[in-house]
Amino acid sequence: MVAGRYEVRGIIGIGGMGEVYLVHDQQTDQDVALKTLHSKYGTSRHAIARFVREVKLARQLNHPGIVKIYDAQKWQDTLFYTMEYLHGKSLRRWLQQRQRLEFGTTVRVLCLVASALDHAHRITTHRDLSPENIMVLPDGSVRLVDFGLAKLDDQYKNLTAVGVNLGKLKYMAPEQELNASEVDHRADLYSLGVIFFEMLTGRTPLPGQRITDFRSELPPEADAFLSKALAREPDDRFSSAREFHDALLNLYKLY
């Protein structure tokens, strides 16, 4: 029993920031997901303050494409928060099963993600967008998870430190590697570009690679779309998630 309220039913998974459990909330009589954060956060006043702030921000987000956050507190030196329990699988799991996805599926999923980001960017930035943090539900809808909480790692700027998931570096915008605390919403759009390439090819892009070299059936405009999404300078990328969304739909019309 966690915090005298949440009965643990089982473990859902282990991520870069902690563990996720399926629990039954005895106050509301519903199953929810409970995510504990690594112990390093529980001993840092800075991390605790930022955790509280970011959870408050996440709770302000009200969009069907963003996981709902319910509760957050510290219990026995452990920070945790609860969120809606999602019956689905991560985009990472989906890719592992299918290797690569059809263009129409890629467009549909990423347009839903971009719509969620368009709402969220009015308040905060995800900064840890990857296939692990995109859930695909049985009805075809998507949910973004771990929104904003990646900011807790700002004080751990040495990205080779123990506990940092180096795999996430593949999705990180160049400016985020230099100064994680100063990035804006365009860092998320870079990550979307990486995910776009991976969904279609089964791998993350190397510098200079063209999507049409792997998917020759795509129109040549797909290369220009990818180049803009993955521009090293934020000013050269899409200016908003809405612009990314609209450009992706236009690309599909050319397909």
Review point. For region 1-53, what are the residues that are of a type in the set (Val, Ile, Thr), within 12 Å of Thr78 (Cβ to Cβ) and part of a strand (DSSP E or B)?
Key: Val2, Thr36
Review point. Do any residues in region 15-34 that are touching a residue at least 40 places away in the same chain (Cβ under 8 Å) have Cβ atoms under 6 Å from those of residues that are polar (S, T, N, Q) and outside any strand (DSSP E or B), where the two are at least six apart or on different chains, and which pairs are they?
Key: Gly16/Asn165
Practice item. For Glu54, state whether it is under 25 Å from the mean Cα position of the chain (by Cα) and closer than 15 Å to Tyr81 by Cα. Key: yes
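Would you point out the residue of region 60-93, among those that are within 20 Å of Ile48 (Cα to Cα), among the polar types (S, T, N, Q) and in contact (Cβ under 8 Å) with a residue 40 or more places away in the chain, that is surrounded by the fewest Cβ atoms within 10 Å (Cβ to Cβ)? Before you say what the answer is, go through the steps one by one.
Going through region 60-93, the residues within 20 Å of Ile48 (Cα to Cα) turn out to be 60, 69-83.
Now narrow it down to the ones that are among the polar types (S, T, N, Q): 60, 73, 76, 78, 82.
Now drop any that are not in contact (Cβ under 8 Å) with a residue 40 or more places away in the chain, which leaves 60, 73, 78, 82.
Numbers: Gln60: 12, Gln73: 14, Thr78: 16, Thr82: 23.
Residue satisfying both the conditions and the ranking: Gln60.
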Exercise for review: Return yes or no: is Tyr156 aromatic (Phe, Trp, Tyr), under 23 Å from Glu19 (Cβ atoms) and either open to solvent by less than 50 Å² (accessible area, probe 1.4 Å) or modelled with pLDDT of 70 or more (or both)?
Suggested key: no
Revision key, fill the gap. In region 174-233, anything farther than 17 Å from Ser130 by Cβ, open to solvent by 10 Å² or more (accessible area, probe 1.4 Å) and of a type in the set (Lys, Arg) is listed as Arg210, Lys228, Arg232
Review point. Do the conditions hold for His126, that is, is it open to solvent by less than 10 Å² (accessible area, probe 1.4 Å) and part of a loop (DSSP other than H, G, I, E, B)?
Key: yes
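The values are calculated or read from the model by the stated rules, or taken from the named source; none is laboratory data. Keep in mind the model is a prediction, meaning the values are calculated, not measured. Cβ coordinates were reconstructed from backbone atoms using ideal geometry, including for glycine residues, and neighbour counts include every protein chain displayed. Heavy atoms of the whole protein, side chains included, go into the accessibility calculation; ligands, DNA and RNA do not. Shrake-Rupley method; radii C 1.70, N 1.55, O 1.52, S 1.80 Å.
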